[in-house]
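The values are calculated or read from the model by the stated rules, or taken from the named source; none is laboratory data. Since the model is a prediction, treat every value here as computed from it, not as a measurement. Note that each Cβ is placed from the backbone with ideal geometry, even for glycine, and that neighbours are counted across all protein chains shown. What goes into the accessible areas is simple: the full protein's heavy atoms, side chains included, and nothing from ligands, DNA or RNA. Shrake-Rupley method; radii C 1.70, N 1.55, O 1.52, S 1.80 Å.
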Amino acid sequence: MSNFLIILDISKTHLFAKKKQTAVAALGVTFGIGMFIIMMSFMTGLNELLDGLVLNRTPHVQIYNKIEPTVTQPIDRYLNAANQLNHIESVKPKSRLERIHNALPILSELKKNDKVKGATPQTTCKVFYRAGTNNLNGIINGIEVNEEVRLFNFKEYIVEGDVNSLIKKKNSILLGSGIAKNLSLRVGDKIQVSNTNGANFSLTIGGIYQSGLADVDDIQSYVNLKMAQQILGVGGNYISRIHVKLIDLEDAVPFSRVIENIYDVKAMDIKTANAQFDTGSDIRTLISYAVSITLLIVAGFGIYNILNMFIYEKMNDIAILKATGFTGTDVMLMFIVQALAIGIMGAALGLSLGYGVSVIIDNIPFNTEALPTIKTYPINYDPLFYLTGIVFALISTFLAGYLPARKARNIDPVEIIRGQ
Amino acid sequence: MITKNTPILETRNVNKYFLEPVKFHVLKDVSLQLYRKEFVSIMGKSGCGKSTLLYILSTMDTEYEGELRIDGETMSHQSHDELARIRNEKIGFVFQFHYLLPEFTVLKNVMLPALKLGKESESTIKKNALQKLEILGIQDQAYKKASRISGGQKQRVSIARALINNPKIIMGDEPTGNLDSKNSRIVFDVLRELSTELDMAMLIVTHDHDFANKTDRIIEMEDGYILNNK
Ligand SMILES: Nc1ncnc2c1ncn2[C@@H]1O[C@H](COP(=O)(O)OP(=O)(O)O)[C@@H](O)[C@H]1O
Ligand SMILES: [Mg+2]
């Protein structure tokens, strides 16, 4: 039997003789690790859900027409502004069309770019929805359905009907859920739409669109790009905005600057559009870590206390072992082994507890109008949390065991034996 | 009848002080020799320093001045781990109070020092341990927990444990001090037999004059001095 096996054997006997205290110490670790896993799985699950809500659905860069006052006013060009002060009250932007100038060449340039995952055109028109005698103000967006589905999870918004109906039938519409409700319309029904000039179009409802934001769902619907251009009475090159998805989200800010420099357009990046978003996820992650680490530290103190008590109770054993030829290091190892055994048992149980509760949470129904695709609470089963949990449990129990064990190493057997 | 060549254990001018609560010179110029197979008893009034001396001789206490040689080797400047190894291999110690590991079986208590020494296989060690228990007449207790046997039995188990590595020296600090006369005689007889049959020197602190008179030599102590070497 090697030296270490003897130490293991002695440690085992000590632990089994103190089942209750061992169990209590291990349960401290179990609780700490379990909570860590539950918190992290749930919090990051929530983060991912919100990421999915905002980041996956939001274009990384939105390109639209600039509506800003001209920087150099005509009078400055005529009367040199360097020599005299030209002052104009209430400068207004020049009236311009709501379309991107040269949209199609820009679109094909974008699609060729290495950093771009995809770019889709949209054409927006103001309309009235009519059913019977009712008239509702609204907006219709013309889209390329396949690309919207591929890049922006568009399919997730279609709560009834078929997203592909737009491809199958030209005069199909994906109606906003609020409009459908207000006008008592269902999939398959017909709806009359008139443009600002009063021209009427008859569309078939192919599906119901629900973003979860009432303001949007009450006015917005989607049709095929061509259909929207027809409603507006414009040609195929009339594009209101281009939505760009990049391969790497981090490129959004510099990429939008480049676009603004090259083309005469406004490019809005997702960071500017959702500035508050990142901080939210970061804070949730930070809180999870802070709470979990606190729990693990408390568990560590539990182990430290119980091991101190073990050592106090085992003074005689330590003295005998040392008197019969065991070294201080042997004795120290004995107690470190006991601490680690408690840590490993506790961690194993904690992982099971964490996984078990995660599965339960994952199955609790969570229905909300705002998130039509979510049926249960979100859980992230990242193995990294389980790994972190084990590593942290082992490190903290090792430290909690090391300090008392070092004390045991230095116990002078003579003092104990003489004390009798 | 006893071969007196080189001493198995020897001290030269050992002095020891306790600093707490006040400085106290507890051992004064202690020089003694213990030869192979010798059975020596140490006697003296309570508080004269017998236990203190024995802790130094057993290498457990390293806070002293002077020289200690065991089996020709000097013990000063040895590391604690090295001293533990020497203690494990060459010295068997029997305490006044039966010091056993209460949660282990009697057999395991006897086996542990040999397992630590690691010179033999576990099965051989087990066989030897059972044999030592048999010498002391308690092999039937082998598989009981050490906390479940009587005081006299415990003391015999601790002697079996002291014997397990066939050490050169057995030291005892009043090993019969807590035993009745019958158990006391058993212990004495066993020690006597071992010192002649096996190559073991005995150094036993005792208050029992009958016990001491049957040993080869009595070392008498008073106030930290060794009085005579009869
Ligand atoms: N740790 C200690 N600190 C101070 N004095 C001690 C200590 N241990 C023992 N003594 C004193 O040293 C003397 C010798 O003690 P000890 O060796 O136990 O005597 P014996 O075993 O001969 O009865 C006693 O006077 C005792 O009070
Ligand atoms: Mg004493």
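Here are some notes:
- A:Ile231 vs. criteria among the β-branched types (Val, Ile, Thr) and surrounded by 14 or more Cβ atoms within 10 Å (Cβ to Cβ): yes
- Residues in the stretch A:21-49 that are open to solvent by 30 Å² or more (accessible area, probe 1.4 Å) and either polar (S, T, N, Q) or within 14 Å of another protein chain (Cβ to nearest Cβ) (or both): 1 in all.
- Qualifying residue in the stretch A:178-185 (condition: without any contact (Cβ under 8 Å) to a residue 12 or more places away in the chain and open to solvent by 20 Å² or more (accessible area, probe 1.4 Å)): yes
- The stretch B:77-95, subset closer than 21 Å to A:Arg418 by Cα and under 15 Å from the mean Cα position of the chain (by Cα), residue nearest to the other protein chains (Cβ to nearest Cβ): B:Asn88
- Residue ID - most open to solvent (accessible area, probe 1.4 Å), chosen from residues in the stretch B:32-52 that are within 14 Å of ligand 2 (Cβ to nearest atom) and outside any loop (DSSP other than H, G, I, E, B): B:Ser51
- Helices (runs of 4 or more DSSP H) wholly inside the stretch A:306-420 that include at least 2 residues being within 12 Å of chain B (Cβ to nearest Cβ): A:315-323, A:328-363, A:413-419
- Every residue from the stretch A:113-152 that is open to solvent by 50 Å² or more (accessible area, probe 1.4 Å) and under 29 Å from the mean Cα position of the chain (by Cα): A:Asn113, A:Asp114, A:Lys115, A:Lys117, A:Glu144, A:Asn146, A:Arg150
- Exactly one residue out of B:Tyr64, B:Tyr55 is more than 30 Å from B:Val157 (Cβ to Cβ), within 14 Å of ligand 1 (Cβ to nearest atom) and either open to solvent by 10 Å² or more (accessible area, probe 1.4 Å) or without any contact (Cβ under 8 Å) to a residue 24 or more places away in the chain (or both): that is B:Tyr64.
- Any hit, the stretch A:233-240, residues being closer than 15 Å to A:Val127 by Cβ, of a type outside the set (S, T, N, Q) and in contact with a strand residue (DSSP E or B) (Cβ under 9 Å, 6 or more places away or on another chain): yes
- Residue within the stretch B:187-202 that is modelled with pLDDT of 90 or more, open to solvent by less than 30 Å² (accessible area, probe 1.4 Å) and farther than 19 Å from B:Gly92 by Cα present: no
- Selection count where residues are within 26 Å of A:Ile106 (Cβ to Cβ) and surrounded by 21 or more Cβ atoms within 10 Å (Cβ to Cβ), scope the stretch A:155-171: 1
- Residues that are open to solvent by 20 Å² or more (accessible area, probe 1.4 Å), at pLDDT 95 or above and more than 10 Å from chain A (Cβ to nearest Cβ) number at least 1 in the following helices (runs of 4 or more DSSP H) confined to the stretch B:96-175: B:122-135.
- Within the stretch B:180-230, the set of residues being within 16 Å of ligand 2 (Cβ to nearest atom) and assigned to a loop (DSSP other than H, G, I, E, B) comprises B:Thr206, B:His207, B:Asp208, B:Asp223, B:Gly224.
- Only one of the numbered conditions (1) more than 13 Å from ligand 1 (Cβ to nearest atom); (2) closer than 28 Å to B:Ala114 by Cα; (3) surrounded by fewer than 20 Cβ atoms within 10 Å (Cβ to Cβ) is not met by B:Asp29, and that is (2).
- Residue count for the stretch A:279-317, restricted to those that are open to solvent by 80 Å² or more (accessible area, probe 1.4 Å), under 33 Å from the mean Cα position of the chain (by Cα) and among the charged types (D, E, K, R): 1.
- Some residue of the stretch B:15-31 being within 16 Å of ligand 2 (Cβ to nearest atom), away from every other protein chain (no Cβ under 14 Å) and under 18 Å from B:Ile219 (Cα atoms): yes
- Residue check, A:Lys181 part of a helix (DSSP H, G or I), more than 26 Å from the chain's Cα centre (by Cα) and more than 30 Å from A:Asp114 (Cα to Cα): yes
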